[in-house]
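Reviewing the structure listed below.
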Amino acid sequence: MAYAYLFKYIIIGDTGVGKSCLLLQFTDKRFQPVHDLTIGVEFGARMITIDGKQIKLQIWDTAGQEAFRSITRSYYRGAAGALLVYDITRRETFNHLTTWLEDARQHSNSNMVIMLIGNKSDLDARREVKKEEGEVFAREHGLVFMETSAKLATNVEDAFINTAKEIYEKIQEGVFDITNEANGIKIGPQHSPNNPSLPAGPQGSSQGGGCC
Amino acid sequence: MTFLEWRKFNFFDINSNVDKGNIKSALDDAQVRSMSSGNGQLVLGDSQGSIHLISRDFTVHTYKAYNIDVTHLIQSRHSSKLISIGNDEVGINPLIKVWDLSKPDRHDNPTCIRISRSVPQNRAVVVTCLAVCESSNLMAVGHQDGSIIVFRGEIGRDKGSKQKVLKDGNQPITGLAFRTQDKKTYLFVATLSNVQVYSIQAQDMKLYLTEKSFGGCTKRCSIMTESNDTQFVIAQDKAIYSLTIEGKGPCFVVDGTKEFLQCFRSHLVIVANDTASNIPHVRPGHVPGGHTVTVLDINNKFIVYSAMQAPVVGAVAEWGSLFLLSKDYNLHQLNEKDLQSKLSLLFKKNLYDIAIKIAKSNHYDKERLVDIFGQYGDHLYAKGDHYGAIKQYIKTIGRLEPSYVIRKFQDSQHIEKLTEYLAALHKAGSGLGQTTLLVEHTTLLLNCYTKLNHIDQLKHFLMTKDSEVDFDVNVAIKVCRQSSSEAALQLAEKHGKHAWYLKIQIEDHARYLEALQYIGKLPFSEAENSIKVYGKPLLDHIPHETCEFLKKLCTDYKPSNTPLPDLNHDTVERAQPDDFIHFFLDHSLVLVEFLEHIINYPSREKCSTQVYNTLIEHYLCLWSTTSDTTARETYVQKVMRLLSSDGIPYDKNQALLLCHSHKFSPGLLLIYKERKLYDLILSENISRKDYAGVLSCCRAYGSQNPILWQTAFHKLIKDPDVPGHYLSEVLHVIEKDKLVSPLFMLDALSTSSSVNVGLLRNYFLNVLGADSKATETEVSLAEKDTKDTEKLKSLVQQIQSKPVIFQGSRCSVCNETLELPSVHFLCQHSFHKHCFQSFSESDKECPACLPRNKDILDIIQSQEPNKTLNEDFHRELVKEGDPFGVVAKYLGLGIFNKLTLVTNGNPKRKIQSSQSPSTSKPQVKPLPSISKPANTNPFEEYDESKNPFGSSDNAYDESLNPFS
C-alpha cells in the first residue's frame, strides 16, 4: 500500500508486561488473554494518518526474556521509535526500566523517540506503581509517558500515534536524517520528490534509493 | 533453552526407506551434490556428473550430464526444464546447462537445450548458489568471490540472453533468491556477513540495493518461503531471521547450528546439527551425530514436527510430502497428517485455540470451524472460564443453536456474558434467517440489558439499527417499557409505532400534551384511530387541547407536520363526531363546545341524530347543573332553538326523555305540542302549578279535545293551591259544553278537600237551572203531543164513522181543474186519472201522501219483531265504536220491549187496496177505507211514549242514562 513514510518501531520491556498484547490491540484491535511467550521478535504493521499523510508503522515486538536480549538488541538499530513498557501491577518491571533505557540508548540512534508506557491500567486494584512515579521517571529521562490498557484498548492508539506524531515533527524539524535508513524512517514510494514539507537538503540524494 | 521453544506437536508421519534402496543402487558410489524437485519428480545430482530423475513410483532414471560433477540443480516447478550447474572439465570451469526433460534424445536421455558459462569478470570462480525466476526470465548465479551474474532472457535459449555482473564485497555468496512483488522483482543476496536486497528493473536490468542487513548465513541456510507474505529466511546459530523487501522482519529463536533450510508449504524445515548440549536427555530415536529435523509452522508459530534423524543431506518437497534424503541415501517421506487427525490431536490436549488457528490457516470450511468454536466454548465453560467460553460461542452464531448457549448461561451470575452473546447474535442478526433469531432472543437480550442496568447499551442497541430492524420492534418496546420507558418511547417514535408511543406516553408518563401533539402529526386515519383509543384519558387531563384537536379532526384535519396544505386535497377526510362523544363523559362543557363547533362548521355535511341528541342532553345537563341564571337562560334558548328548528334530525322521543329526566318544561311542552300530546302538556303544567298555562292549554286545544277540560278540572280540583278564578273558568267551560255530569262534579266536590261549595255554587245553579228548564220544555212538548194524538184519534174516528166528501176541485198533481175520470183518496187528495196513472208508482196509494206514509210505515215495520234483530244487535255492538249508541238505537227499536204489535192481516188490506184504485168510475168507487180495520192505521196504534224518537228533540237527560 502506498505510504508517505514508513516508521519502524520497537516495543521493549520486561517479559509479561503486555508488549505483544499492545501490538495485537493496535494492529488487529483484539485482545488475547492467553498469549504465548514471544520467542524472538514478532512483527506487525498498520497504516495511520498524520497531518493528512499516510504513514506505515512497522512494529517489532521483541521478546522480553533476558535470554533473547542479544537477539532483540539487534533490532534497536533501525528503529525510529520505541515503546518502553512496564506493568503497573509489577514493580520490578518498573525498576528494570533503567536497564532497558540504557540498552536502548546504547544500541539505537540518539534521535529515537521513546515513549514510556505503563500498561494494564485496567487492573487498578492491583496497582503497584503509581501513575505519578511513571510521570516522574518519564520527565527525568525525557520520555513521553502514558498509561494504557491493552485489554480495554485505552490509550493504545494514542500511544502509537503520539509517538508517530513526535517522529513526524522531528522529521519536519529536520532532526532525523531520513536518507539514513538506520534511523528507522523510510520515504514511501508515493512521496512526491518536490514535497514542500520535506527538508530541502537531503532530498535529492535520497530519492535514488527510496523511489524506484 | 528448550523451555523457550514454541509449542511442539507431531503432525507428521515418517515413512522410512520409501524408495526401497533404488536411489542407493542408482548412485552407486557417488555422492549426492545437489537436489531439487518439481514437475512431478525428484532430481539428484551426484559427484560423478550424473543426474538422477526419480519418479513417483521411485524408479530412478539416470543420465550423464557432466563429466565431473553436478553441483547445483533447479528443477522448474511446472515445466520440464531442469537447470543444472556442473563441471565438465577439471579445474574451475562451471557450466550452466538447461535440459528439457520432455524431449528425450536417442538414448532416452533429456536433451540439453542450452549451455552457458558462468564466468564473471573473465575469471572462473566456484559457483556457490543458483536462483531462477521463471516468471521474469531471470537467473542468478552466485560465486565464491562475491560476484553475482544475473542472466536475463528466456532460460531455455542461449541467444538473446543478457548478463550482468554484480559485485559487492569479497564474501562468498551463500544464498540467492528472487522475489516478485507488485510487478517488481527483487533479488535477495545472502553472504556470510549480511543480506542484501536488490531491486531489478527488467528493462535495463539495473540493480539497486534497497536493503542491507546485519548478519548473514552459511550456504544453504537461506530460503524463500512460500507463505503468503513471502519472506526470505536465513538461519543463524541462535535464531532464524526473516527479511522482507522492506527490511527486517520477525525472528524466531531456534537454537542449534543449522545445516540447511527447506520450505514445505507454509512450513519451514530446519535441519540442524544435533548438538548434545541442546538435549537434556536422550530422546527416543536418538542417533549420535545425527541431525535434528524441525518443521516450523511460521504462521501459527509452533513446531509441527521435530525428530532426531540420521544425518540428512537433502530435503525436497514433492507430491504433497516432504522427502528427506539421509546420508546413507535412504529416502524418508514425511507425510503431514490430515487436518482432522491434527485437530483431534489438539482437541485431546484441549488446545482449541491452536486448533482454530490451524483450521483457519487451512481454509477449513465454516461449518466445521464452528464446531471447533463450540467445542472450545464447551471446554472453557467446563473450565469455568465463562467469559472466554462466551467469546467462542459468539463465533458459533449462525450454526450452533442459540438456545444451547443460552441454556448454559441461564444463571443470573452469567447474565453479562449472556448479554454479550445475545448482542452478538443480534448483530449477526438479519443474515441468519428466521429460525435462528427468535423474538424470544430479543426479549431476553433486552431483559438482560435492563437487569444489568445497561441503559446506554440498550439505547444504543435499539437506536443504532437504522436500516434493518433485526428485532421485533413490538417485543422490544414491550420489554423496554418495563425498564426504561424513555427508551421504549424513542423506539416507538422511531419505528412509527404510534399505538405504543401513545400508550407509553399516556399510560406511563402521563404526558398528555406530548401525546396529543404526537397524534396531531399523524396522518388522518391513524390520528383518528389513535384518538379513538386514547381520547378518554386525554380529555380527562387536557380537555381543551383535546377538544380543539377533535374539532380539527372532525372538520378540516391536516397533520401538523405537513407545513403546506395540500391544495389538491379536495376530499377532506373528516371524522364522525359520534365516535368521540363518549369521551366527553363528565365533560359536558367541553362537549358542548365541541359539538357546537361541529354543528356550526359551515361546509360540513349533516351531523347524525346522535350528535344532536347528545348536544341536547348536555345542554340540559349543563342547564340543570349551573346555578347562574343567565347561563341557564342561554342554555334554555339553545335547547329551544334546537328543538324547534326544523330539519335537525334529533330523535324526538329521546329529546322528550331527556327533557323529562332533566325536568326541562319548555322543551317538554314544545315537544308535547308538536306531538299533540295535549293532556301531557296539561299535566306538565299542572305539575308545575302553572295554572295559567293549564288554562291557556285548555283554551287552545280544548275545542279539539274537550277531555282536556275534564282532566284539568279533575286535576285542579284536587289541588288546594289553585286560584279560584282558574277553577271557575274551567267550571264555566265544563258547564258550557256540558263536559262533566253534575254527579261527577258532586263526587269531585266530595273528594276534594280544598274546593268549597261556594266555588261550585254557580255551576250547580246553572246546571240545575238548565235541567229544570229542560224539564219544563219536555213537559210542554208532551202535552202538545197528547193533544195531537187526540186530534188524530178523532180524525180517525171521523173517517171511520162519517162519510167523506171529496170536494177537491183540482188535481193534486197538475193543479188543473179536476175532470173525470178522477181518482180520490181519503186523504182528500184527488187526481186526474191520467195524472195519477202517470205520476203514481202504485195505484193503491196517494202519491202525495206516499212519502210521509212510507216513513211512518217504515217505523212501524221496523218495530216489528225481527228474528235477526238480536243477531244484528250483537254484531253491531261488537263492531261499533260507540256501544252506547248502538244500545240506545236498539232500545229505540224495541228490542228490549215486549212490543205487542197487532198485525192486521196484510192480505186483506191488499185486497182492499187493489180494489180502491180499480174504481175506474168515480162516485161508485167503493171506499176501501171503510173495510179497513182500525188497527191497520199506522197512527192508530202508535204510542208516543213508546217511541224513542218522539222526544228526540228533548235534551237528553244524562242522569236518566243507566249506562253512564
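The values are calculated or read from the model by the stated rules, or taken from the named source; none is laboratory data. All values reported here derive from a predicted model rather than from experimental measurement. Reconstructed Cβ throughout: ideal geometry from the backbone, glycine too, with neighbour counts over all protein chains shown.
So which residues in the range A:3-41 are over 29 Å from B:I390 (Cα atoms), in contact with a strand residue (DSSP E or B) (Cβ under 6 Å, 6 or more places away or on another chain) and touching a residue at least 60 places away in the same chain (Cβ under 8 Å)?
Answer for the range A:3-41, where residues must be over 29 Å from B:I390 (Cα atoms), in contact with a strand residue (DSSP E or B) (Cβ under 6 Å, 6 or more places away or on another chain) and touching a residue at least 60 places away in the same chain (Cβ under 8 Å): A:Y3, A:A4, A:Y5, A:L6, A:F7, A:K8, A:Y9, A:I10, A:I11, A:I12, A:G13.
Read through the list (1) modelled with pLDDT under 75; (2) within 27 Å of B:I298 (Cα to Cα), then give the number of the only condition that B:K342 fails.
Going through the list (1) modelled with pLDDT under 75; (2) within 27 Å of B:I298 (Cα to Cα), B:K342 breaks only (1).
Restricting attention to the range B:676-689, does a residue exist that is buried (at least 22 other Cβ atoms within 10 Å of the Cβ) and of a type outside the set (A, V, I, L, M, F, W, C)?
yes
In the range A:141-180, how many are among the charged types (D, E, K, R), touching a residue at least 40 places away in the same chain (Cβ under 8 Å) and buried (at least 16 other Cβ atoms within 10 Å of the Cβ)?
Residues that pass the stated criteria total 5.
So that you can scan it fast, the table gives a plain yes or no per residue for (1) in contact with a helix residue (DSSP H, G or I) (Cβ under 8 Å, 6 or more places away or on another chain); (2) without any contact (Cβ under 8 Å) to a residue 40 or more places away in the chain; (3) more than 20 Å from B:F11 (Cα to Cα):
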site	(1), (2), (3)
B:K360	yes, yes, no
B:I372	yes, yes, no
B:G384	no, yes, yes
B:I390	yes, yes, yes
B:Y393	yes, yes, yes
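Looking only at the range A:79-89, decide whether some residue is among the charged types (D, E, K, R) and touching a Lys or Arg at 6+ places or on another chain (Cβ under 9 Å).
Yes - at least one qualifying residue is present in the range A:79-89.
Which of the residues spanning the range B:250-260 are touching a Leu at 6+ places or on another chain (Cβ under 8 Å) and either surrounded by fewer than 19 Cβ atoms within 10 Å (Cβ to Cβ) or more than 7 Å from chain A (Cβ to nearest Cβ) (or both)?
Scanning the range B:250-260 gives a single hit, B:V254.
Which residue is nearest to the other protein chains (Cβ to nearest Cβ), if the candidates are limited to the range B:7-38 and must be part of a loop (DSSP other than H, G, I, E, B) and more than 14 Å from B:L331 (Cα to Cα)?
B:R7
Taking the range B:101-134 as the search range and keeping residues that are in a strand (DSSP E or B) and small (G, A, S), which one is farthest from B:L176 (Cα to Cα)?
Checking each candidate, the answer is B:S102.
Identify, by number, the condition in (1) closer than 24 Å to B:I599 by Cβ; (2) surrounded by 15 or more Cβ atoms within 10 Å (Cβ to Cβ) that B:H541 doesn't meet.
(1)
Taking the range B:507-559 on its own, how many of its residues are out of contact with any Leu (no Cβ under 9 Å at 6 or more places or on another chain), part of a helix (DSSP H, G or I) and among the basic types (K, R)?
So the count comes out to 4.
Of the conditions (1) part of a helix (DSSP H, G or I); (2) away from chain B (no Cβ under 14 Å); (3) surrounded by 22 or more Cβ atoms within 10 Å (Cβ to Cβ); (4) not β-branched (V, I, T), A:M115 clears all except one; give me its number.
Single failed check for A:M115: (1).
Here is a check on your reading of the model: is B:I648 closer than 27 Å to B:Y619 by Cα, of a type in the set (A, V, I, L, M) and not in a helix (DSSP H, G or I)?
yes
Of all residues being more than 14 Å from every other protein chain (Cβ to nearest Cβ) and part of a loop (DSSP other than H, G, I, E, B) in the range B:350-383, which is nearest to the chain's Cα centre (by Cα)? Just the residue, please.
The residue in question is B:D365.
Please go through the range A:6-42 and pick out each residue that is under 12 Å from the mean Cα position of the chain (by Cα) and either surrounded by fewer than 22 Cβ atoms within 10 Å (Cβ to Cβ) or of a type in the set (A, V, I, L, M, F, W, C) (or both).
Result: A:F7, A:I10, A:I11, A:I12, A:L22, A:L23, A:F26.
From B:S199, B:S227, B:S193, grab the single residue that is more than 25 Å from A:L6 (Cα to Cα), surrounded by fewer than 23 Cβ atoms within 10 Å (Cβ to Cβ) and either modelled with pLDDT of 80 or more or within 14 Å of chain A (Cβ to nearest Cβ) (or both).
B:S193
If we scan the range B:89-100, do we find a residue that is polar (S, T, N, Q), away from chain A (no Cβ under 14 Å) and outside any loop (DSSP other than H, G, I, E, B)?
No: the range B:89-100 contains no residue that is polar (S, T, N, Q), away from chain A (no Cβ under 14 Å) and outside any loop (DSSP other than H, G, I, E, B).
For B:R220, work out the one condition from (1) away from every other protein chain (no Cβ under 14 Å); (2) surrounded by 21 or more Cβ atoms within 10 Å (Cβ to Cβ) it doesn't fulfil.
The failed condition is (2).
Keeping to the range B:139-186, report how many residues are touching a helix residue (DSSP H, G or I) at 6+ places or on another chain (Cβ under 9 Å) and within 14 Å of chain A (Cβ to nearest Cβ).
Of the residues in that region, 0 qualify.
Where in the range A:7-101 are the helices (runs of 4 or more DSSP H), entirely inside, with at least 1 residues that are more than 13 Å from chain B (Cβ to nearest Cβ)?
A:19-28, A:91-95
Among the residues of the range A:120-140, are any out of contact with any Cys (no Cβ under 7 Å at 6 or more places or on another chain) and either part of a strand (DSSP E or B) or in contact (Cβ under 8 Å) with a residue 60 or more places away in the chain (or both)?
So far as the range A:120-140 goes, yes, one or more of its residues are out of contact with any Cys (no Cβ under 7 Å at 6 or more places or on another chain) and either part of a strand (DSSP E or B) or in contact (Cβ under 8 Å) with a residue 60 or more places away in the chain (or both).
Please go through the range B:137-146 and pick out each residue that is in contact with a Leu (Cβ under 9 Å, 6 or more places away or on another chain) and buried (at least 22 other Cβ atoms within 10 Å of the Cβ).
Once the filter is applied, which keeps residues that are in contact with a Leu (Cβ under 9 Å, 6 or more places away or on another chain) and buried (at least 22 other Cβ atoms within 10 Å of the Cβ), the range B:137-146 yields B:M139, B:A140, B:V141, B:G142.
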